[in-house]
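Derivation of every value follows stated rules applied to the coordinates shown; laboratory data play no part. Quick caveat: nothing in here was measured; it's all calculated off a predicted structure. Because the Cβ atoms are built from the backbone with ideal geometry, glycine has one as well, and the counts that use them run over all protein chains shown.
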Amino acid sequence: MDYATSFGLIIPELVLTGSGLVLLMIAAFGGEKASRLVSILAAVALGAAGSLTIPALANGAGGDASMAFYGQISADAFSAFAKLLVYAAAIGCLMIAPGFFGQRRAMKPEYPVLVLFATLGMSIMVSATDLMTLYIGLELNSLAAYVLASFLRNDSRSAEAGLKYFVLGALASGILLYGMSLTYGFTGTTSFAGIRAAQEAGLSTGALFGLIFVLAGLAFKISAVPFHMWTPDVYQGAPTPVTTFFATAPKVAAVALTARVALDAFGSQADAWRQIVIFAALASIIVGALGAIGQNNLKRLLAYSSINNVGFILIGLAAATVEGASAMLFYLTTYVVMSLGSFVAVLMLRNGEGENLETFEDIAGLSSTRPGVALCLLALMFSLAGIPPLLGFWAKVEVFNAAIQAGLVPLAVIGIAASVIGAFYYIKFVKVMYFEEPVGRATKGGSAAHWAILIICTLLISPLGFLLTRGLQAMTDTAAAGLFPGV
Amino acid sequence: MTEFFQSLGMNYEWAWFVATIAGILLIAFPLMLAVAYVILIDRKVWAAINLRKGPNVVGPFGLLQSFADGLKVFLQETIIPSAANKGIFIIAPIITFTVALAAWAVVPFADGVVLADINVGLLYILAISSLSVYGVVMAGWASNSKYPFFSAMRAAAQMISYEVSIGFILVCVVLWAGSWNLTEIVEAQRGHGFGIVNGFYFNLLLFPMWVVFFISSLAETQRVPFDLTEAESELVAGYQTEYSSMAFALYWLGEYANILLMCALNTLLFFGGWLPPVDWAPLYWVPGIIWFLLKTLFFFFMFSWVMATVPRYRYDQLMRLGWKIFLPMSLIFVFVISGYLMATGHFGNPA
Amino acid sequence: MIQAIAFYLFATMVIASGVLTIMSRNPVHSVLWLILAFFNAAGLMVLLGAEFIAMLLVVVYVGAVAVLFLFVVMMLDVDMAELRAGFIKNFPLGIAIALVLLAELVLGIGALGAGPLELGTASGANAPNLANSNIENIGALLYSKYIFVFEAAGLILLVAMIGAIVLTHRDLKTTRGHQNITKQVRRNPKEATQMKQPTVGEGVEL
């Protein structure tokens, strides 16, 4: 293996590492004054890394040519697609942060640096083709995330969110490591290709246990039921820009990672893990939909919504076909756009004193005080609910289509039924905003950056965005094909 | 030595066993004797610097002073405070003493004169010296008394802090020597400076590291100016406050054995161990062990010299020196030295 | 013979001190037993010929991690009675986890039959040269085949450090305790002192 080739293949990661280290120096010597500069430079670095990723996706890279460092990491089309999504979400989260933290005089230049390192971790996660790389990427991302969750260290809820996330995250890492050690023990290798090869003949009991533990650990990271309990608390407690980050980029990375473990490492034993994934998918959809109904806090509600959406994403994975993986990526993209938009909209709701508003009472009659934000939220909620002309609907169609093609008809039927329950609380949002007496609390908020992101997200999910679906679908197809060696 | 015992008609395993025991005794007894006299030297050096006479009553020139002190503590009653945690209270000095002796197992006194010539010798010393903090911490906690406890906390933080930079300094030396084995490290110093001087100190990149190492070894052994663990003006006698009799003596012996070990390490790592100072044939007629002992004694003199002249640090200054100056400095030197060695092809061509 | 004696000595000590770790009433005793267990585990590693790992175990776990652990446990006033109450409450969960671990152990023993592990590539083509000492082999592997993972692990530590600083660092407004050593060293008697020779009864102007 030629090291120059290897390093050439991980150039996006190298760019992120290098700029992270340089920005850390700027942050250390510049102090809080440098926050803005560091944020901008971090976004530029992410953009640069993203543009370096494009060729791999455009060429549909895959196979041994895209493997670096003795097959520990792969720069194929699938990872390129996931990376682009992660980088875009991270840029969005960097843009919305200064306004929020600036208000509380809590903006520190370490924030963008941590986001950058977390993104690097995700970048490693999505391209990992070895259990060790997987774990290293996951931990790099998680450690940065724990710190980000408690970034408002004087706010007790933020600190609680950080601690909760850390303790449960450490437990999940432990479970994951158990699974990995079992898998390694029974297959004799940590590389995905090797694990796959070792199981062509069949799955041993030990490796099955390993698979279960690995999937359980990963389910925590994507907050799929039954490992979702941390999500509402952490999403509510963490500062809103950080919540936005959690709901978008790490989720993409964790889903992509799960897909690669399931389809690549355990690809020959799809029957073994399909039941687990189907169970997690259905449980997530139902728990997410039912749990959201009683919520009054908007961030908590969106947390349940994210659990619910993970369920739909997992349906695509359960299909275990190229179409399924493609649909999964399609849904993932839509989900990122929708949650980015809705969290930014929540972030933009402030009262006269500049405090953030987070409950249903606060947004009653929002249409008369903030018609613009209300309209965008309307579109986003309808899209999340899956109302036809909006992008969310097409994503659901894709996923169910893939499930039916793979013969999972009952799964699709239950999923469709459950999405009707979910529609209830999304529409409650609209009802509160448009048909209740205006309380007139939300009067201010929203910098140019917030507006830009909100409008872009709304346009993307609007019927206008439908024009893009053909291109997106082509991309997800290329990316998904990268996951299936020899197809 | 194993062969010698085998020639007496023992089988291999018995011979190995007896030889090892004999080796341990051959190191431990002279070491204890050395400690007794080193304490005397210490007191004499301070006295000389303070323009006093020092111990001169017991025996000629006070030569038997240490034995008189030893006899005194030996005859005292061992007092265990009623509130103390008995088991740990008794074990703590034993740990300090044992650990201080155990580290000597890998120290080469001359070419081949070493109990265990293992390939991770230096790492072993690092591991063992990191254990010595337990004796202090356990004593402080088990005494169930405020001052010893403060002292234990100080000791734990201090020793961990300085161990970090010591570790990096060792990495610098190991990089240059290309081995963790102490014998090979000494051999690597033969003719290091212009082919004449034996010792890594004669090297612009390693000399600063020796300075840091010397200061860190003062801190690691809790000698003045870093003796905050037994700062008598603040903490009575620190972790030893509640100890009496042999338990106290064990601390004393262990402490000085550790100081001698650090002096020996200075010698072995930077000053060419048993090699004569200059790579010149007539100097090799003097046995290596003489050079080793002379150099070690020289460093012991430096330890006493520092003790007699430098006032004690404040605790925050101690931490500042360790974390903000020594640690970054030794890190930079690891970087610079490995970079230099790589650039000059010291490691050969990478595969 | 000697190896066998040493093995049984270390193994018994590991198990005994492991049991005592969870059985002791005093948390400080527990930590000390744990340290003894680490130390004996290091002994077992030496017997296996993995001297580098053994030394690292002592340096890292016994010398640093356990000291901090001991430090914290000594500072905390742990009420064992309260902990025992929790023990009863969490007993079912504990049993469940214990069963899982037991299952793992059984599986692990079963895994012995799966054949030896390969240390090189998946095909074993790049297996390391075992003629060198294990310290050299580990170094060679870490800096060649596993360079990416190794360096990324370094980044994780960096992030942990940034995190600790971000969450705990406070800019002190007071300058108490701050010391500018260069300034202190540069001070000389001429600047710091004044010679005055006041006449009797006049006093000194400051």
Within-9-Å neighbourhood charge of A:Val439 [Cβ basis; K, R +1; D, E -1]: -3
State the answer as a single residue: which of A:Gly324, A:Ala292, A:Ala345 lies farthest towards the positive end of the charge dipole of the range A:292-362, with beta carbon charges of +1 for Lys and Arg and -1 for Asp and Glu, about the Cα centre. A:Gly324
So how tilted is helix A:322-347 from the main axis of chain A? Cα-based, degrees 0 to 90, rounded to 10. 30
Tell me, how many Å apart are the Cα centres for the range B:228-291 and for the range A:213-253? 56
Which Cα, out of A:Gly99, B:Tyr251, B:Ala103, lies furthest along the positive dipole direction of the protein assembly as shown (beta carbon charges, K/R +1, D/E -1)? A:Gly99
Along the charge dipole of the range B:197-351, which of B:Leu218, B:Met302, B:Trp274 sits closest to the positive end, that is, farthest toward it, with unit charges on the beta carbon of Lys, Arg, Asp and Glu (+1, +1, -1, -1)? B:Trp274
Computed for the range A:64-137: size of charge dipole around the Cα centre, +1 on C-beta of each Lys and Arg, -1 on C-beta of each Asp and Glu, debye to nearest 20, value 520
Take every residue in peptide C:60-69, count the Cβ atoms of other chains within 10 Å of its Cβ, and give the average of those counts. 4
Only Lys, Arg (+1) and Asp, Glu (-1) charged, at Cβ; the range A:3-483 dipole about Cα centre in debye: 780
Under a Cβ-only charge scheme (Lys and Arg +1, Asp and Glu -1), can you give me the dipole magnitude of chain B about the Cα centre, in debye to the nearest 20? 840
From the Cα gyration tensor of the range C:1-78, with a ≥ b ≥ c the square roots of its eigenvalues, which class applies: rounded if a/c is under 1.5, or else prolate if a/b is larger than b/c, or else oblate? oblate
Tell me whether the range C:131-172 comes out rounded, prolate or oblate; compute the Cα gyration tensor, take square roots of the eigenvalues as a ≥ b ≥ c, and use a/c under 1.5 as the rounded threshold. prolate
Give the cross-link partners of A:Lys221 among the aspartates and glutamates, using a straight C-alpha distance below 15 Å as the criterion and excluding same-chain residues fewer than 8 apart. A:Glu139, A:Asp233
Exposed GluC sites (Glu not before Pro) absent - longest run of chain A, DSSP non-H/G/I/E/B, at most 13 other C-beta within 10 Å: A:1-199
Env charge @ A:Pro388, Cβ radius under 15 Å, K,R +1 / D,E -1, value 0
For the range B:158-204 and the range B:1-78, distance of Cα centres in Å: 29
Return the calculated 222 nm mean residue ellipticity for chain A, to the nearest 500 deg cm²/dmol, obtained by summing -39500 (n - 2.57) across DSSP H runs with n ≥ 4 and dividing by the residue count. -25500 deg cm²/dmol
Average beta-carbon neighbours from other chains, 10 Å sphere, peptide C:141-152: 6
Which trypsin sites (Lys or Arg not before Pro) in the range A:74-122 pass both tests, a DSSP loop state and at most 16 other beta-carbon atoms within 10 Å? A:Arg104, A:Arg105
Measuring from centroid to centroid over Cα atoms, what is the spacing of the range A:410-487 and the range A:80-151 in Å? 22
Remind me, relative contact order of chain A in percent, using alpha carbon pairs under 8 angstrom and six or more residues apart? 15
Taking the Cα atoms only, what angle lies between the long axis of helix A:466-483 and the longest principal axis of chain A, rounded to 10 degrees? 30
Where in chain B are the DSSP H helices whose C-alpha atoms run 20 Å or more along the long axis and whose mean Kyte hydropathy is at least 1.0? B:12-49, B:86-102, B:121-142, B:146-177, B:245-270, B:288-309, B:327-343
Please tell me the relative contact order of the range A:1-133 in percent, rounded to the nearest whole number, where contacts are Cα pairs under 8 Å and at least six residues apart. 34
Among all the aspartates and glutamates, which ones have a C-alpha under 18 Å from B:Lys86's C-alpha, if same-chain residues fewer than 8 places away are not counted? B:Glu77, B:Glu242
In degrees, nearest 10, the alpha-carbon axis of helix A:110-127 is tilted away from the dominant principal axis of the alpha carbons of chain A by 30
Under 19 Å from the Cα of A:Lys431, which lysines turn up, not counting those fewer than eight places away in the same chain? A:Lys299
Contact order normalised by length for the range B:81-210, with contacts defined as Cα pairs under 8 Å and 6 or more residues apart; what percent is it? 23
